[in-house]
Every structure is written in structure tokens, then in C-alpha cells.
Amino acid sequence: MKRAAFAGHFALRTQNRIDSAPGACDNNNGNYSVQGNERMDITKIDPNFLKGTVFSEKEFTWYDLRSEPFEVRGLAVCEGERFLRLPEELLPRVSEGVQVLAHHTAGGHVRFRTDALRVAVRASSLYPDSIMNHMALTGSKGLDIYADGEYCATIRPGITDEWFEGVCELKAGVKDIEINMPLYNGLTRLLIGISAGANVLAPRPYRFNEPVVYYGSSITQGGCASRPGNCYQGFLSRWLDADQVNLGFSGSAKGEAEMAEYIAGLPMCAFVFDYDHNAPDVEHLRRTHEPFFKIIRRARPELPVIFVTKPDGNRDPHGEERRELIYATYEHARENGDAHVWFVDGRTLFGEHDHEDCTVDGCHPNDLGFYRMAQAIYPALKQALSV
């Protein structure tokens, strides 16, 4: 599979990059800085920055994530080295940005049950050299492990690692395990190690038979959560015990009819509609927002739909106009007797205080921002799903 070149947030290695120095990552787990002409390995000062617990391969029985009884969720394709959020036949009909970002595994996750005391993970990155200037590698490229909905560990990659690995220590007893995939990178392989002799079982079902589907911008994709489980959908999935499908496409979700038609055919228990940030201007939003919704509604007359406006509209001179336009889509639906729509005002997403502490750059949420977004969207989803 040809690996597409990145623009925008991503950069490949250059002669000026720290990791271009010969041996820059040798035995230092990628945790270093440069002072003068010398490299400092922070792990020699603080071993808590080591990437993970050392383990022996022989401790574990190793499984490919596609083997039974593991369940792969949130991806349309998981075959060979292809991990895709969209089916391959759709890719020629979407923009170049969506084609590239479809290889990012945001929202992808693996589930299973086990009585193991240790679970190990080995992963191979699609873009091992890709970094972002405002997002932690643990979020863009790492994996999270949860047991019974509680955070256990992050599998932390090095700056240029293609393969990376880690291990999670677990409590005694049978646990439901979920491994969350990278938000701003892809995978070519994922191996799961289970303590030798332990049982591996199919996971218990979610509370809802179908997932919540999210469509939107870089914020929806998860930029810039510090780890995959801290995007707002991660919080909502755990709080609601609901599966998720993340169709956030950074800078590229622009309300195209092709995407609306694809989404309309997906199994889902609710749809969260949040591409305000990616609409280039108010007129584009006006031309696409309500038509996109109507495509969904014609296919799914009773599907709960939650409209969301962007959280930083106060920074946009047209923010209020955009908000009113999205509210008008909601209002028209209500006027036409549609009782299955909800509206979440983006001005409420970061809470009442300390708005500016909720982002890494004035736009993309940090973990606090995502937590507050989840808190603001949660009541609408609870009502929509009759929880």
C-alpha cells in the first residue's frame, strides 16, 4: 500500500529535525532534548519517563487482533496492513484529505475479555516519522488500554519508532478490555499478548446494539487529546456504555453529499453532526448543512441527531452567524414535526470559566477541553438514547 505524504500538521524527517541526528533515539525511548551539541536522555534522570515495562516475549501467547474472539470496532476495513475508517470503494469519491485521513484509526478499538494479569501490545505505525507540533505522540500515535471502563495504561511510541510495544498490569478476575487506536496516525499491524495460560473470551455487548456515529472536524477526530481515550467520544462511550464510529476528518469534513449518503447507510443509534469548523465560510455552511441533514433524515426518519457548533466561535467574526445557521437547521426540523433532533450550543462546550485553558492553541481542545465537551454533549445524548 502506498503511504500518502502529509501536509499541514505533519512533517517528515528533515536534516534540522532532532531525530535526524545519527543514533538520536538509541536506547533512550525517544525521551530526550538537545542542549548545545549534546543530547540529554531524561530517562537517566527520571525512569518514570521510560516507555513501558520491560517484558519477555515468552510470557505471552500472541494474537493478531483479527483472530477470534477479539472484536475490532470503529473501522470499515481491517485486512492485511489496511486499517481504514472508510470502505475502499468510497475513497475515490471523497476529497484527497479524507482519503489520507481515512487511514488514521481515530475511534478504532479492539475489545475482548480475559482473566489475564498482564496484557501486552505490539503495534506497527503506518507513518512512523509523523509528528505534530502541538499534539503529544501518546495521542497521535499511541494506544490506550482500559479494563472494565477504567484507564490502565498507554502504549507509548518513540519519535521515529515503526514498531512499539508495552504491557498493562491488570487486577485479578475476568475483565473487559478495550484497546483504543491512534487518533492521528494509522496502523499496519497490532498484536495482543495474553499471559500464558490465561483465558480469552468474547467481550460483553455494549448497552446499545449500534454505535453512535460522529462526523466532523479535527476536533471530532481527536486533535489534540493527550491519548486516544481522552477525545470527547471516548468519555461519552464509557459514560453511556455505547460503541462509537469516529468520522472526524481534520480540515476535510465539509458536508459533502457523498459522505452524507454513506453515513445514512450506517447502523447507528445516534448521529452527532459537528463539521462547523471545516466549512470554509458561512455560505458553504449554508449550502451544505441542512441538505446534509436531510439526506440522513430521509434514510433514517427516527434517528436521533445532535447538532453541535464549534466551541471557539467567539474567535470567529462570523461565529454567531454560523451558530444561527446551524440552529436554523435544527429549528426547521422541529417546525416540521421532527422530535428526534437536539442542538448543543458550541458556546457551552468549554464550560463557564477558563475557556482559554481548554485548548492547546486557541482552537484544538486539550484533555480538559475534551472532558468539558463530553459533559456538554452528554445530556443531549442521554435524552436521545432514553438513558
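Annotation note: of Ile263, Ile326, the sole residue that is touching an Asp or Glu at 6+ places or on another chain (Cβ under 7 Å) and closer than 27 Å to Tyr371 by Cβ is Ile326.
What are the residue pairs meeting all of these: first residue in the stretch 167-190, first residue over 17 Å from Val72 (Cβ atoms) and open to solvent by 10 Å² or more (accessible area, probe 1.4 Å), second residue of a type in the set (Phe, Trp, Tyr) and assigned to a loop (DSSP other than H, G, I, E, B), Cβ atoms under 6 Å, and 6 or more apart or on different chains? If the second residue must be of a type in the set (Phe, Trp, Tyr) and assigned to a loop (DSSP other than H, G, I, E, B), the pairs left are Val167/Phe55.
Within the stretch 336-349, residues that are within 19 Å of Arg298 (Cα to Cα) and of a type in the set (A, V, I, L, M) reach partners that are open to solvent by less than 50 Å² (accessible area, probe 1.4 Å) and at pLDDT 95 or above with beta carbons closer than 6 Å, at six or more positions or on different chains, in the pairs Val341/Val305; Val341/Tyr330; Val341/Ala333. Listed here are the helices (runs of 4 or more DSSP H) enclosed by the stretch 202-274 that have at least 2 residues being buried (at least 20 other Cβ atoms within 10 Å of the Cβ) and under 15 Å from the mean Cα position of the chain (by Cα): 218-221, 232-240. For the stretch 65-72, indicate whether the set of residues that are at pLDDT 95 or above, β-branched (Val, Ile, Thr), in contact with a Leu (Cβ under 9 Å, 6 or more places away or on another chain) and farther than 21 Å from Ile192 by Cβ is non-empty. No; the residues of the stretch 65-72 include none that is at pLDDT 95 or above, β-branched (Val, Ile, Thr), in contact with a Leu (Cβ under 9 Å, 6 or more places away or on another chain) and farther than 21 Å from Ile192 by Cβ. Only one entry in Thr114, Thr61 is open to solvent by 30 Å² or more (accessible area, probe 1.4 Å) and in contact (Cβ under 8 Å) with a residue 24 or more places away in the chain, namely Thr61.
When the stretch 299-313 is filtered for residues that are touching a helix residue (DSSP H, G or I) at 6+ places or on another chain (Cβ under 7 Å) and open to solvent by 40 Å² or more (accessible area, probe 1.4 Å), the ones remaining, listed by number, are Ala299, Arg300. Across the stretch 300-356, the number of residues qualifying as in a loop (DSSP other than H, G, I, E, B) and either among the hydrophobic types (A, V, I, L, M, F, W, C) or more than 19 Å from Ala376 (Cα to Cα) (or both) comes to 13. Looking at (1) in a helix (DSSP H, G or I); (2) surrounded by 15 or more Cβ atoms within 10 Å (Cβ to Cβ), find the lone condition where His284 falls short. Only one criterion is unmet by His284, namely (2). Counting only strands (runs of 3 or more DSSP E) wholly contained in the stretch 63-168, the ones carrying 1 or more residues that are in contact with a strand residue (DSSP E or B) (Cβ under 9 Å, 6 or more places away or on another chain), β-branched (Val, Ile, Thr) and closer than 18 Å to Val200 by Cβ occupy 71-73, 109-114, 118-125, 143-147. Run down Ala253, Ala264, Ala270 and say which single residue is touching a residue at least 60 places away in the same chain (Cβ under 8 Å) and either under 24 Å from Gly351 (Cα atoms) or out of contact with any Leu (no Cβ under 8 Å at 6 or more places or on another chain) (or both). The conditions single out Ala270. Which condition does Ala198 not pass, out of (1) open to solvent by less than 10 Å² (accessible area, probe 1.4 Å); (2) over 30 Å from Gly251 (Cα atoms); (3) touching a residue at least 60 places away in the same chain (Cβ under 8 Å), if it passes all the others? With (1) open to solvent by less than 10 Å² (accessible area, probe 1.4 Å); (2) over 30 Å from Gly251 (Cα atoms); (3) touching a residue at least 60 places away in the same chain (Cβ under 8 Å) applied to Ala198, the lone miss is (1). Screening the candidates Ala374, Ala339 for the property of being open to solvent by less than 10 Å² (accessible area, probe 1.4 Å) and at pLDDT 95 or above yields one hit, Ala374.
The values are calculated or read from the model by the stated rules, or taken from the named source; none is laboratory data. Here the structure is a predicted model, which is why all the values come from computation and not from measurement. As a convention, Cβ positions derive from the backbone with ideal geometry for all residues, glycine included, and neighbour counts pool all protein chains shown. Calculation scope for accessible area: heavy atoms of the full protein, side chains included, ligands and nucleic acids excluded. Shrake-Rupley method; radii C 1.70, N 1.55, O 1.52, S 1.80 Å.
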